[in-house]
Every structure is written in C-alpha cells, then in structure tokens.
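Working notes, beginning with the structure itself.
The values are calculated or read from the model by the stated rules, or taken from the named source; none is laboratory data. Treat the numbers as computed from the prediction; the structure is a model and nothing was measured. All Cβ positions, glycine included, derive from the backbone under ideal geometry; neighbour counts span all protein chains shown. Protein only, heavy atoms only, side chains kept; ligands, DNA and RNA dropped before computing areas. Shrake-Rupley method; radii C 1.70, N 1.55, O 1.52, S 1.80 Å.
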Amino acid sequence: MSFVQTAAAVETASPVLQTKALCKAFGGITATDNVTFSLPAGARHALIGPNGAGKTTFVNQLSGVLLPTSGTILLNGVDITNWSVRARSRAGIARTFQINQLYADLTPLQSVLIAINERENAASSWFKPVGVRSDLVDEAAALLARLSLSDVIHARVGSLAYGRQRLLEIAIALAAKPQVLLLDEPAAGVPEGERDQILDVVAALPAHVSLILIEHDMDLVFRFAKTLSVLVNGALFVEGTRDEIANDPRVRQVYLGEEVISNV
Amino acid sequence: MSAIDAKPPAEAAAPPAASGAPAVSPAARLLAGSRWRWYEFAFWGLALGSYFVFPNKLMLISEILILGLLALSIDLTLGYAGLVTLGQGAFFGVGAYAAGLAAKYGAGAGPWSDPLLGLVIAAGAAGLVGFVTSFLVLRGSDLTRLMVTLGVALIVEEIVTQAKSVTGGSDGLQGVMSSNVLGMWSFDLYGKTAFWYVLIVTFVCFWFCRRLVNSPFGLSLLAIKGNPLRARAIGMPVNARLVAIYTISAAIAGLAGGLLTQTTQFASPDMVAFHRSADSLLILIFGGSGHLYGGLIGAVAFRIMQDFIGNITPQYWLFWVGLVLVLLVLFVRNGIVGLMANGWRRLTQKSHEGKNP
Ligand SMILES: Nc1ncnc2c1ncn2[C@@H]1O[C@H](COP(=O)(O)OP(=O)(O)OP(=O)(O)O)[C@@H](O)[C@H]1O
Ligand SMILES: [Mg+2]
C-alpha cells in the first residue's frame, strides 16, 4: 500500500510502470520483441494488436507470471524484473486473466474476501472464524454490489454464468486496491448487454489508478482509452493518443483493416 | 487506503429485502458456517457413548480414533490445501517412536514418561520432519508430490528398521512405559484410561483443526487448492501457507502415532510401514475429504468393514476394499460424508416442498 499515489503525483504524470528493452522468447517464437514502454500515473491505456501479437505475454511479464528473457521492468523507478507475483501484487499491481482464474468451489463473497484478507494482512489469523472481521466482509459485499453481483454472493462460483464470472474476476483484482490494474480482455465472451457494465466499473475507478486494457472490441477501446499501444508480432508497432491511432493509416492497414474485414 | 471504494453504491446499502427472506448480513452468514451443528454433537455424543455400549472393545475404539486422527491430519493437507500425500505414515511413525523413546527413557516413573509430555515430543518431532520435508512438496505436480512423499516415507521406514540400537529394529521398541495421565490415571488392561485419554486428545486436536479451517487462514488454503495462480496474483504467500499446513498436519499425525505407542506400550516398524500411509489415505477417501469428519467416520467404516469381511472371507479383504473404493470414487462424490449430506439434503428438501404449496 506504500506505493499508492497521491493526487499530487497524478498531476506530474510520472511513469508508474516502465519496461526497458523487454524481450520474451518461447523457443523460436519471439513473443515480446524489445518493448520499451512507459505507463504514466492515472493512465487509461489500451493495448491492442492482432491475435498472437504478444499482449497477454507482455502482461504476464508485468505481473510476474512469466519472467522476461531479457530487459527490465520498473515500478515507480524500482527494478521489479525478478520480483515474485506475490511481491508485485503487494506493491500494487493487480490483474485479471484472459481465461478466468477463479475458485470454482468457493462463493464470490469468499473469493473477494480472500483478497481483502491478504491486503489487510488478516489472512494468517488462524483462530477466529472468518466473518469476525465484519468490516472486511462488508467491504467485500459492497465491492460485489458495485459489480451487480449482490444476488449471488453466496452462490458457488463454478455455477455462475460466464459473464458474471468475468465480473467476479474484476472484483477480485479490485479488492487489492491496486495502483496499477491490468485487464486482459475483460469483456471477451461477455454478452453485449453486460459489456457496458464492465466499462462503467472501469470508468468509475479513481483517477490515480493506472489502467492497461487489452481488448479486441474497437468500440470499447475507443470509449475507454485516452492512449493506445499497438503490438504486432511482439513489437510495439505504434503508440499515441486515441485520435492519433484512429487516424494512423498504418494502424488502419495492419490492425483496424483486419478488424473491418473480419467484421464483414 | 486508496479511494477505490469511495462511492458506496446504492445497492450495497439497501437490504436484500426484495427476495422476501429475512435480512442476514453477509458476515453473519459466514459466521453461521462455523457454528457447531446438531450432527456434530451427535457424533461426539456417540463416540462418548461407545464407552458404555462396548465396554469390551475399548482398545479397538481407541485404535479407530487414532486412525481417524491420522486421516484427519491428511484432510488438512489434501482436503483443504489440495496437497496430495502418500507418506503421512512417516510422520505417524516418527511420532510413535519419539513418544516411545521418551517414555522408555523415563522408565515409567521419570518426568520423561509423562504421557502429555510424550505427545508434545511426538508432535514436535513429526512436525520438525514435516517442516523440513515440506519444501520438497512445494514444487511440481500432484504426481511428483505423490512420489516425493512416498519416497520420504520409505526412507523413514528404512531408518527405523536399520537403527537397531535406538529403535530395536524389526523387533520393535520394548520397555515403553508411560506414567499416569496427569499423574492420576494409570493405563489399565481394559483400556479404560486409554479410551478417555485418546478420545479427549482426539477431540482437542479436532477442535483445533476446526478452528483452523474456519479461520481466514483456512479460507486461504481453500483458495490455494482452488487456484494457486490466482492466489499468488492477489498477493498470497502460497508457499509459506503450504509449509505451515504441511507442518501442522505432520505434527498431528505424529501426535496420533504417539497416542498409539502410549496406549499399546509398544512401537513397532509396522507403525511406519507403507500400509499406514496407504490405509490412512484410503480411510479419508472412504469418509470424504474436506469435511473434517471424513477421517473419523472413514476410520469407523474401515474397521467395521475389515471385521465384517474378515469374518467371511479373510483372504479377499483387499479385493473388497478395492471394490468399495472404486465404487465410492466413481459414484459418490466426497465419500460417506458426502453420501450422508446428500441424503440429508434430499430429506429436508422434500419436507420443505411439503410445507410450501
Ligand atoms: N507459454 C507459451 N509457450 C509457448 N508459446 C507461447 C506461450 N504463451 C504464448 N505463446 C506464443 O506467444 C505468442 C503471443 O501470445 P499471446 O498469448 O501473448 O498473444 P495475445 O496477443 O495475447 O493473443 P490473443 O489476442 O489471442 O489473446 C503466440 O504466438 C503464442 O503462441
Ligand atoms: Mg491474450
């Protein structure tokens, strides 16, 4: 929690998260190709690119799920390249997964509470039953309410509809009160009507939280993002503001063109 | 804290009155999950009552409780943390010999022969071995864990049989004499003292485990079992938690071993043998893992079955165990406890449907 930015820091827009010459190779495949990237505090940044461009691989390295082949990752100027997933999480990096990573046999309330317990260092308490800290349980319930999951907080996670599982995935990430939130295709597979809700929740996050959104739905991307990076074959193809990217002919050709064609 | 939840939403404040159900706060609902239920009282009441119903079988009942306690220790790792082990017998054996050696050293009269101190020594020794070997099970798949725990158990078994000067080798440890429990009750021939001693120690261990699994720590174990990747991603020290529960589980297994040595006044290589590990895992699967009661109920069922089948066709005992195991695993989720829970749910649902037109 010590890394949480103050409002003053937001204005200076110093980079929260940086990568320098980041490379990741899987055997012969270069999934991340020399990516030097900087995420300003409070960013609303979208990471786009065709399938297999290396978006998930990039986020996996930021969150520590994968270690890079070479290059460095900095959080608030501190080299975190070799930090564990846990250490990064505690330093304020939270993420959602492209493929749901949930506790199928637990309830949404338990799922979120587990994350809150960790954040509050309450999870090593082994004698008093869960629920004694009603403040934490209430916080978990309130968070689930924000994602419209109030009616299923005691249901089995595995029995929830896919769209609601996606929402829970976000709730769990938010429970850590992160400084940087990495959302890997949060709306993929979610029915049209529920996609807006995900966007609303993301939009309602406090300004000092820095966001990276990976998303294929261009409509959603342009509604959410102020800045974008386009990743192609593991390398940063082009970066810029929403308008710059929207009007960039190369992007239209490489990425948006493909999108348009695939939509026909 | 940051201001992510600065704006409490309207939904959160509104009571869930829409459903018409009485409003129970989420925290109260969670707390209710850890409250003692009538069937728990019934279970322990029956265990206590068995003293009066089967006065001639007290040693057998003590042994069943000890077996159940060993299976309960596996439930902590397998049923809650999702760690498969095939070597719990090693910790049982370490505890059995540790308690035996302490009692022998005290020669039945000295302070070292005090049974409660013996249990502490047994749990401590087994917990230490558990702690050291826990680092071997942190990595790898279920298969490597099975192999590693099995390997550790075989090593311990071999050490016990080879270190003749200390353990008595294959002859077993002779001259184990515990002094009186709390200085008052001596272990008698009928097993009366042993029964109460084992029952109370088992209950205290059970109560401890129950607190443990219902706590935030216990919930975090379920998270690790459910999805270790997610658990790490929310900042959970997954390895530290696994080391902790593996050590605790080993200590309880050792305590169970200590109980057996003290009540039988003997420690033999049979107590570290591989079949201990296999039997106790089997008992847990019979009873159902992840409920705490599975081990104890499984132990009762296992012994009754053993007696019953043993009377009819002693040579085919393993055949029947295998058959029941296959049927249980294929057709009943969660063993006997799961079966009973399902039956109860159906019963209560029917009566509910009857009441509500
Ligand atoms: N664990 C892995 N082992 C080997 N190759 C991998 C691994 N993970 C990803 N790759 C490869 O790396 C490349 C980038 O994959 P990645 O999942 O990062 O793409 P993506 O941009 O997230 O794609 P999508 O839009 O389909 O999610 C792909 O060619 C993929 O096959
Ligand atoms: Mg991806």
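Brief remarks follow.
- Per residue, in Å², the accessible surface of region B:37-313 once ligands and nucleic acids are set aside, probe 1.4 Å: 39
- Accessible-area rank, largest first, for B:Tyr39, B:Tyr190: B:Tyr190, B:Tyr39, with all protein chains present and a 1.4 angstrom probe.
- Most fluctuating residue given options B:Asp270, B:Asp114, B:Asp307, as computed from a GNM of chain B linking Cα atoms under 10 Å: B:Asp307
- Comparing the full protein assembly with the isolated chain, the residues of region A:144-192 losing at least 40 square angstrom of accessible surface (1.4 Å probe) are A:Ala145, A:Arg146, A:His154, A:Lys177.
- Exercise: per-residue mean of other protein chain Cβ atoms within 10 Å, A:109-118: 6
- Between region B:259-307 and region A:134-213, the alpha-carbon center distance in angstrom: 45
- Membrane-span-like helices in chain A, defined purely by DSSP H runs whose alpha carbon atoms cover 15 Å or more axially and whose average Kyte-Doolittle hydropathy reaches 0.0, are A:108-119, A:134-146, A:162-175.
- For region A:101-176: accessible area per residue (Å², 1.4 Å): 32
- Approximate shape of the protein assembly as shown as ellipsoid semi-axes (Cα gyration tensor, √5λ), whole Å, largest first: 54, 28, 22
- DSSP bridge orientation in the protein assembly as shown - percent antiparallel, rounded to nearest 5: 60
- Only protein heavy atoms count here, probed at 1.4 Å, and on that basis chains B and A bury about 4200 Å² of accessible area in total.
- Relative contact order [Cα under 8 Å, 6+ residues apart], chain A, whole percent: 27
- Within region A:135-264: Cβ-based charge dipole about Cα centre, in debye rounded to nearest 20 (Lys, Arg +1; Asp, Glu -1): 120
- Whole-percent carbon and sulfur share, accessible surface of the protein assembly as shown, 1.4 Å: 63
- Cα-Cα over 31 Å, subset of A:Lys128/B:Lys225; A:Lys55/B:Lys225; A:Lys128/B:Lys57: A:Lys128/B:Lys57
- Count Lys and Arg as plus one, Asp and Glu as minus one, and take only other residues whose Cβ is under 13 Å from that of A:Lys24; the net charge is then 0.
- Stretch gain in nm, segment B:Lys164-B:Leu116, where the contour uses 0.36 nm per residue and the Cα spacing is subtracted: 14.7 nm
- For A:Leu17, the amide hydrogen comes within under 5 Å of the amide hydrogens of A:Leu39, A:Asn76, counting only partners 5 or more places away or on other chains and with H modelled in the peptide plane.
- The order of B:Tyr197, B:Tyr51 by accessible area, most exposed first and with a 1.4 Å probe, is B:Tyr51, B:Tyr197.
- For region A:101-176: rounded, prolate or oblate by the Cα gyration tensor [a/c cutoff 1.5]: prolate
- Across region B:179-318, the mean sequence separation of Cα contacts (distance under 8 Å, 6 or more residues apart), normalised by length, yields a relative contact order of 13 percent.
- Using the Cβ-Cβ distance between A:Ala246 and A:Ala21 with R0 = 30 Å, the FRET efficiency computed as 1/(1 + (r/R0)^6) comes to roughly 0.60.
- Gaussian network model of chain B, Cα within-10 Å springs - most flexible of B:Phe206, B:Phe52, B:Phe92: B:Phe52
- Averaged over A:94-102, number of beta-carbon atoms from partner chains that fall within 10 Å: 3
- Take each residue in B:209-218, count the other chain C-beta atoms within 10 Å of its C-beta, and the mean is 6.
- When you filter the trypsin sites (Lys or Arg not before Pro) in region A:38-108 for DSSP loop state and at most 16 other Cβ atoms inside 10 Å of their Cβ, nothing is left.
- The average projected area of chain A, computed from the convex hull of its Cα atoms over all directions, is 15.0 nm².
- Note that region B:189-198 has calculated 3J(HN,Hα) couplings of 5, 7, x, 5, 4, 4, 4, 5, 4, 5 Hz, one per residue in order, obtained from phi through the Karplus relation 6.51 cos²θ - 1.76 cosθ + 1.60 (θ = phi - 60°); glycine and proline are x.
- Of all DSSP bridge pairs formed entirely within chain A, close to 55 percent run antiparallel.
- Entry note, region B:267-357: relative contact order of 28 percent, from Cα contacts under 8 Å with a spacing of 6+ residues.
- Helix-only mean residue ellipticity at 222 nm for chain B, each DSSP H run of n ≥ 4 adding -39500 (n - 2.57), per residue, nearest 500: -22500 deg cm²/dmol
- Of A:Asn51, A:Asn233, A:Asn117, the residue with the greatest mean-square motion in the GNM of chain A, using alpha carbon springs below 10 Å, is A:Asn51.
- Here region B:37-313 yields Rg over Rh of 0.97, to two decimals, using C-alpha coordinates and the Kirkwood radius.
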